[in-house]
């Protein structure tokens, strides 16, 4: 009987030590809030960076399209060593 009582008390002691305290839970919740706020800010900055990159790509595409629309009227020079006959 003593062994059963001892095992029951030991099991109860282990179950109480595995529970988090209110202070620990509050600290973990505060840490989670800081992490979540950082994630939100990082996501916002990534969205802004994507918008800037997309704008730059669109501008360079327009410039390249404009250059392609105006064909060169200059006669290309022959390559070195090439002959024209």
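Residues in the range 5-25 that are modelled with pLDDT of 70 or more and not in a helix (DSSP H, G or I): 20, 21. Determine if the range 68-84 includes at least one residue that is surrounded by 10 or more Cβ atoms within 10 Å (Cβ to Cβ) and modelled with pLDDT under 95. No, the range 68-84 contains no residue that is surrounded by 10 or more Cβ atoms within 10 Å (Cβ to Cβ) and modelled with pLDDT under 95.
The values are calculated or read from the model by the stated rules, or taken from the named source; none is laboratory data. Every value quoted in this text rests on a predicted model; they were computed, and no experiment measured them. Every residue, glycine as well, gets a Cβ built from its backbone with ideal geometry; the counts of neighbours run over all protein chains shown.
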